[in-house]
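We did not get these values from a lab; they are worked out from the coordinates using the rules stated. This one's a predicted model, so the numbers in the text were calculated from it and none came from an experiment. Neighbour counts are summed over all protein chains in view; Cβ atoms, including those assigned to glycine, are modelled from backbone coordinates with ideal geometry.
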Amino acid sequence: MNQNLNYYKVFYTVARYKNISKAADALFISQPAISKTLSKLEENLGCRLFHRTSRGVSLTDEGQFLYERIEKAFQLIDSGEEELQQMNELGIGRIRIGVSTTLCKYILLPYLQNFLQQNPHIQITIRCQSSLQTIELLENGHIDIGLIGISRPSTGIVFSEFCQIQDTFVTTQSYLDLLSGQNHVNDELFRFANLMLLDNENITRQYINDYLYRNHIQTNRILEVSTMDLLIEFAKIGLGIACVIREFVEKELTSRQLIELPFYPQIEPRSVGFAYSKSHIPSRTTMQFLDYLL
């Protein structure tokens with residue numbers, strides 16, 4: 001835009017009222033200031049925009065051409081202001097959430113359901129991917145908030161802990177009996193068992209890899225899957241030992257459908273929480289969502 005937007009605001013108002021005095025009252029500026037602005041705009045555009053008479057002003061052909069086009073722009077601005085005011089009054093807003101499929105199913109959904117029942121005007125968009133990808137989306141401003149499971153928060157995000165999760169190893173009693181029948185004690189289990197883990201792109205997998213490395217635990221047969229649900233299902237049918245999150249298999253552990261393997265040292269718990277980027281200020285709606293949860 002080559003001209004000052006205020007010039008067009010003055011032009012638009014004078015064209016609507018067809019009177020400089022009335023336009024001055026509407027804009028809360030003096031008549032000489034309006035006349036000066038119009039003269040400057042005409043000079044910059046190189047054409048006359050108004051016919052001036054003792055009864056007021058009327059648009060020239062060039063002025064009518066310009067008015068018809070900027071009228072739409074100012075109507076859009078007015079409409080935007082009205083809709084924004086309505087959004088604030090009704091609590092209308094949008095939240096873009098990034099979360100892994102597992103955390104969405106086991107942690108986010110119950111709280112999200114209650115929040116939406118109390119705030120029906122808020123639009124929620126959920127993008128499911130790994131926590132690593134969620135952090136990347138946060139840093140690029142493609143989502144507003146992420147629910148992530150991490151051991152050490154990134155320096156580029158603000159992290160608020162929501163709960164803690166405990167990684168653990170589970171299997172069926174029949175699979176454990178099979179290994180025990182081959183005289184494999186605990187320290188040797190992973191060398192002879194099918195160890196089922198999430199794929200290497202997952203933060204959980206990287207955390208478990210670090211645990212295995214630090215404790216000199218050897219593995220020979222690893223089965224990689226993409227979701228926690230598949231790990232749980234594979235463990236339940238006796239395909240091997242699965243590394244899962246204890247809180248997500250409590251029902252199976254209680255019913256003894258799965259049993260937990262007592263390994264020492266125990267895997268350290270991890271924090272699950274909501275995060276947003278330090279370089280992208282959250283909207284009021286996003287902060288309202290955070291306040292509700294935390």
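Among the listed values (i) 5, 23, 29, 26, 14, 2, 0; (ii) 5, 21, 19, 13, 12, 9, 7, 7, 5, 1, 0; (iii) 6, 26, 33, 23, 9, 2, 0, the one computed from these coordinates for P(r) over Cα pairs in 10 Å bins from 0, in percent is (ii).
Near residue 146, within a Cβ-to-Cβ distance under 12 Å, what is the net charge of the other residues, with Lys and Arg +1 and Asp and Glu -1? Walk me through the numbers on the way to the answer.
Numbers: positive: 96, 127; negative: 136, 139, 144.
Net charge in that neighbourhood comes out at -1.
For residue 52, neighbours were defined as the other residues whose beta-carbon sits under 13 Å from its Cβ, and their charges (Lys and Arg +1, Asp and Glu -1) total +2.
Partners of residue 236 within straight-line reach, counting lysines whose Cα lies under 16 Å from its Cα and excluding those fewer than 8 residues away in the same chain: 251.
Near residue 33, once Lys and Arg are set to +1 and Asp and Glu to -1 for all other residues with Cβ below 14 Å from its Cβ, the sum equals +2.
For residue 9, the lysines whose Cα comes closer than 21 Å to its Cα, not counting residues fewer than 8 places off in the same chain, are 18, 22, 36, 40, 72. Taking all Cα pairs closer than 8 Å and separated by 6 or more residues, the relative contact order of the chain comes to 20 percent.
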